[in-house]
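One structure is given here, and the rest of the page talks about it.
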Amino acid sequence: MSEAVQELESVAGKYAAEAIKQDGQGARGIAITNYQRAIEALIRLIHLFPENTLNAVYQQHCEQYQKRISELQNSSDNTSPNENNGNNNGSSQGNSNQTVSNNNFDNMIIKEKPNVSWREVIGLEDVKTALRESIVYPARKPELFTLGWPRGILLYGPPGCGKTMLAAATASEIAGYFINVDAASMMSKWLGDAEKNVSKLFHMARDTSKRENTSVIMLIDEVDSLLGNSQNENGGEIRVKNQFLTEMDGINDKGKNLQTYVIAATNKPWKLDWAFLRRFSKRVYIPLPSLEARENLFSLYLAKLKKDSSVNSVELAQLTEGHSASDIRDICQSAQLSVIDEYFSMADSKGDKDLTHVKLRDCTMDDFKKIIKKRKPSVNQGMIQEYTNWTRDFSAL
Ligand SMILES: Nc1ncnc2c1ncn2[C@@H]1O[C@H](COP(=O)(O)OP(=O)(O)OP(=O)(O)O)[C@@H](O)[C@H]1O
Ligand SMILES: [Mg+2]
């Protein structure tokens, strides 16, 4: 998904940059058109990826552009664009945009105390052990660890198998703060200087940990995007990566006085280079759920579902080899939706507006089978092979 996001972002960015340039030159008509195109691209982005963490930022930009369009439309013909610049995207754009962007980034760092527990994370026992050894125990009794302990942990594997959930559960286990940032967003030009954002982020984590004398777990999602992709290499990405490595060294050197941990997560570990891997001395694979884990996942979601006795979690687990935990959640959700759909259609066809004469039927095993038949697992076998190969060469438990 993040490539499509980048593509649309860059389209929006190009229109916005054009608009701002033309606006500065007083070419009002064409500036308005380009502001509009930028807005359209951003809106499409928001609609296509409703869960993107950057949507609030795009929204803000849309509002700014809209405001500027109204100003341009309302200003009389002899107003020079410079007179309008005080509170808009005119030629002072460079600076004013920077301020907006920096605030945006600050707003995106969310510090929270999560309430997910280890018990809710199904399966992944080895991973839990690794996290206990490298975070939970040192946080509880740092003086036992005279040789120090690892601060950087890399979680890698296919999407939807619990990386984010595990990081949050670890923070909650040690009653620490959890800071979750998305590296792909951090690299977005809509959030200003990525290099500065990296140091701000680490500064905030260290500061919180010291000031409140508590542990802080930072989860950096999609960490591979910090290393950039060579297609749009402009030197910027190298500086961001170096900044990140320096910050990691800062944390690794601090000894037992600093309770800050960095968990990096990625679906593409092979994009990471050795300089990077060296800072993450624990590297843990989060695989697809096993047969047993799938059964437990189904039991978990089925418990909240109205179903008849044909629905059986053991059989469902057998039918869903290759599916991720979040696939399984989606399957259960779809089964419920299909029954609810039926319920409303039936009510509509009977003209039963207040839904008094229709009854919601139970989900059956057939409902599930139909859905599973239509859905492919979100991870393919080729990808799993790549993870296995990478694990053989680089995993470190
Ligand atoms: N091991 C698990 N036990 C229980 N639920 C899980 C597990 N893994 C995933 N889920 C469910 O799937 C959802 C998505 O999982 P999560 O966000 O942790 O995946 P992820 O590995 O971080 O994926 P991505 O690589 O896309 O970021 C969770 O909110 C949870 O509902
Ligand atoms: Mg995640």
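Quick one: would you say N312 is in contact (Cβ under 8 Å) with a residue 60 or more places away in the chain and either more than 16 Å from ligand 2 (Cβ to nearest atom) or surrounded by 13 or more Cβ atoms within 10 Å (Cβ to Cβ) (or both)?
no
Going by the conditions given, is R294 away from ligand 2 (no atom under 16 Å from the Cβ), at pLDDT below 95 and in contact with a helix residue (DSSP H, G or I) (Cβ under 9 Å, 6 or more places away or on another chain)?
Against the criterion (away from ligand 2 (no atom under 16 Å from the Cβ), at pLDDT below 95 and in contact with a helix residue (DSSP H, G or I) (Cβ under 9 Å, 6 or more places away or on another chain)), R294 does not qualify.
Taking segment 268-287, which residues are within 16 Å of ligand 1 (Cβ to nearest atom), buried (at least 20 other Cβ atoms within 10 Å of the Cβ) and within 13 Å of D224 (Cα to Cα)?
P269, L272
Looking at segment 144-168, I want the residues that are closer than 21 Å to I110 by Cβ and outside the structural domain of A325 (by TED's automatic domain parsing) and have a partner that is among the basic types (K, R) and near ligand 1 (Cβ under 8 Å from one of its atoms) with Cβ atoms under 7 Å, at least 6 apart or on another chain. Which pairs are those?
That search, which allows pairs on different chains as well, returns L155/K163.
Between a first residue in segment 106-130 that is at positive phi and a second residue that is assigned to a loop (DSSP other than H, G, I, E, B) and at pLDDT 85 or above, which pairs have beta carbons less than 7 Å apart while being 6 or more apart in sequence or on different chains?
G123/P289; G123/S290; L124/G162; L124/I286
Examine segment 246-266 for a residue that is within 30 Å of L337 (Cβ to Cβ), modelled with pLDDT under 95 and within 15 Å of ligand 1 (Cβ to nearest atom), and state whether such a residue exists. Even if it seems obvious, please write down each step before you answer.
To start, the set of residues in segment 246-266 that are within 30 Å of L337 (Cβ to Cβ) comprises 265.
In the following step, the residues that additionally are modelled with pLDDT under 95 were identified as none.
Within segment 246-266, none of the residues are within 30 Å of L337 (Cβ to Cβ), modelled with pLDDT under 95 and within 15 Å of ligand 1 (Cβ to nearest atom).
Kindly provide the set of residues from segment 273-298 that are in contact (Cβ under 8 Å) with a residue 60 or more places away in the chain and in a helix (DSSP H, G or I), ordered by number.
Of everything in segment 273-298, those that are in contact (Cβ under 8 Å) with a residue 60 or more places away in the chain and in a helix (DSSP H, G or I) turn out to be L277, R279, E292, A293, N296, L297.
I'm told T214 meets every condition in (1) away from ligand 2 (no atom under 16 Å from the Cβ); (2) assigned to a helix (DSSP H, G or I) except one. Can you identify the failing condition by its number?
Only one criterion in (1) away from ligand 2 (no atom under 16 Å from the Cβ); (2) assigned to a helix (DSSP H, G or I) is unmet by T214, namely (2).
Pick out the one residue from S134, S117 that is within 22 Å of E292 (Cα to Cα) and of a type in the set (G, A, S).
S117
Between T53, T33, which is in contact with a strand residue (DSSP E or B) (Cβ under 7 Å, 6 or more places away or on another chain), modelled with pLDDT of 65 or more and not small (G, A, S)?
T53
Go through segment 135-164 and give me each residue that's within 16 Å of ligand 2 (Cβ to nearest atom) and of a type in the set (D, E, K, R). Can you show your working first?
Taking segment 135-164 and keeping what is within 16 Å of ligand 2 (Cβ to nearest atom), we get 153-164.
Residue satisfying the conditions is K163 alone.
The values are calculated or read from the model by the stated rules, or taken from the named source; none is laboratory data. None of these values were measured; they are calculated from a predicted model. With ideal geometry, Cβ positions are generated from the backbone for all residues, glycine too; neighbour counts draw on all protein chains shown.
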